[in-house]
1. Report, by chain and number, residues whose modeled amide H sits under 5 Å from the one on ALA292, excluding near sequence neighbours (fewer than 5 apart, same chain).
2. Label segment 305-353 by shape, choosing from rounded, prolate and oblate, from the square roots a ≥ b ≥ c of the eigenvalues of the Cα gyration tensor; if a/c is under 1.5 it is rounded, and otherwise prolate applies when a/b is larger than b/c, oblate when it is not.
3. Determine ³J(HN,Hα), in whole Hz, for all residues of segment 20-35 in sequence, where each value follows from phi through the Karplus function 6.51 cos²θ - 1.76 cosθ + 1.60 and θ = phi - 60°; x replaces Gly and Pro.
4. Considering the chain as a Gaussian network with a 10 Å cut-off on Cα pairs, which listed residue, ALA310, ALA98, ALA144, attains the greatest mean-square fluctuation?
5. If a/c stays under 1.5 just call it rounded; otherwise compare a/b with b/c (prolate if a/b is bigger, oblate if not). Do that for the chain, with a ≥ b ≥ c from the square roots of the Cα gyration tensor eigenvalues.
6. For segment 160-242, run through the trypsin sites (Lys or Arg not before Pro) and keep only the ones in DSSP coil with at most 15 other Cβ atoms within 10 Å of their Cβ.
7. Can you compute the equivalent ellipsoid semi-axes for segment 1-88, i.e. the square root of 5 times each eigenvalue of the Cα gyration tensor, sorted largest first and rounded to whole Å?
8. Given the options HIS45, HIS312, HIS124, state which has the largest fluctuation in a GNM of the chain using a 10 Å cut-off (strictly under) for Cα springs.
Amino acid sequence: MTTKAYAAQSATTPLAPATITRREPLPTDVQIEILYCGVCHSDLHQARDEWNQFVPTQYPCVPGHEIVGRVTRVGDKVGKFKAGDFAAVGCMVDSCRACPNCAQGLEQYCHQFPTFTYNSADKHSGSHTLGGYSEQIVVDESFAVKVSDKANLAATAPLLCAGITTYSPLRHWKVGPGKKVGIVGLGGLGHMGVKFANAMGAHVVLFTTSPGKVADGKRLGAHEVVVSTDEAAMAAHRGSFDFILDCVSAQHDLNSYLGLLKLDGTHCLVGAPEKPMPVAAFSLLMPRKNLAGSGIGGIAETQEMLDFCARHGISSDIELIPIQKVNEAYDRLLKGDVRYRFVIDMASLKTGN
Ligand code: NAP
Ligand code: ZN
């Protein structure tokens, strides 16, 4: 079936209307009418081919992996959903489902590489996958999660990437009471990191380059906010952190954050800047420290995160935009001008020009 979408045709062309094809639902597939899709900085990196060295972009590129919608059709063998249910799809639509990592529910680390929601080889179409900036998506039910009909659907969409990407490492590194935790960068990921680390009971310090975000940082749950260009404020935290979650989308000085860790502390990258960032060995040696990374989260953990959000009343702080404003939203992301996730109201794809 054909469906309307927004696509980039090259690294240098803005996103524009396009028509794409979705498969007819197979026995274990659900067809979802997309109501909302969050705008992740990864969408921008991918659409503009900034990750060319690692995952070159295939065009047309339809980004979008923070998808919430309504199930409209289900295959014969679908057990988890029925037409009319709300469902969500995040960064993955498939994996090998057999390797040791998949078997542990870590599909994001599938030995054969997961099938990402966009820009991955599509096992069905023979082409590449196309994401959520579209009216419809068809996905195997194992890679869709349930959304409560009580949820604020637009504010739920960003949980599917920004939420799980911050929740998973905070859980893995056992953030909780008695731990001092830093969150670097108050954007889509960072603001979810602040909310989660606070809800998990840690002492939360936000690092931002934007003095204008200090008050919001505290409102969102940071106990302290440090403007990272203030050297004296940075120095006051030397050697004191158990864990720092780095949510920054562009090049920055990792060494200054490594200096803030205590013995056996960990600095975990979730931000994925396009160019490598230098690390001095001495930043890690004295005292012993860890530099780590983390990628999204598995499907079971995504459902766990949604349930955690429901229990703690957590969702994303969003600015709802029509899809016609998506290029403007990308420009604003590059300026750090986001409070704190753009979410596309997909109804605009039907009605807008
Ligand atoms: P975003 O909303 O644009 O937020 C990024 C924030 O980083 C900005 O708001 C800004 O915060 C800070 N920042 C930007 N440029 C900076 C610079 N030059 N120096 C220091 N700080 C800077 O982006 P996002 O959607 O949260 O995504 C963040 C990164 O995570 C992206 O690289 C994205 O691709 C990546 N990502 C990774 C995964 C994963 O699985 N690991 C999943 C999703 C996204 P302040 O104004 O507070 O300084
Ligand atoms: Zn994302």
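1. HIS267, CYS268, LEU269
2. Details: a/c = 3.99, a/b = 1.51, b/c = 2.65.
Because a/c hits 1.5 or more and a/b fails to exceed b/c, segment 305-353 counts as oblate.
3. Along segment 20-35, the couplings run 10, 10, 10, 5, 5, x, 7, x, 9, 9, 10, 9, 10, 7, 7, 9 Hz.
4. Result: ALA98 has the largest fluctuation of those listed.
5. On the way: a/c = 1.72, a/b = 1.61, b/c = 1.07.
Because a/c hits 1.5 or more and a/b exceeds b/c, the chain counts as prolate.
6. On the way: sites: ARG171, LYS174, LYS179, LYS180, LYS195, LYS213, LYS218, ARG219, ARG238; in loops: LYS174, LYS179, ARG238.
Answer by residue number: LYS174, ARG238.
7. Details: eigenvalues 160, 35, 31 Å².
For segment 1-88, the ellipsoid semi-axes come out as 28, 13, 12 Å.
8. Between HIS45, HIS312, HIS124, it is HIS124 that shows the largest mean-square fluctuation.
The values are calculated or read from the model by the stated rules, or taken from the named source; none is laboratory data. In this text, all values refer to a predicted model and were calculated from it rather than measured experimentally. In this analysis, Cβ positions are derived from the backbone assuming ideal geometry, glycine residues included, and neighbour counts consider all displayed protein chains. Quick note on the areas: whole protein, heavy atoms, side chains included, nothing else; ligands and nucleic acids left out. Shrake-Rupley method; radii C 1.70, N 1.55, O 1.52, S 1.80 Å.
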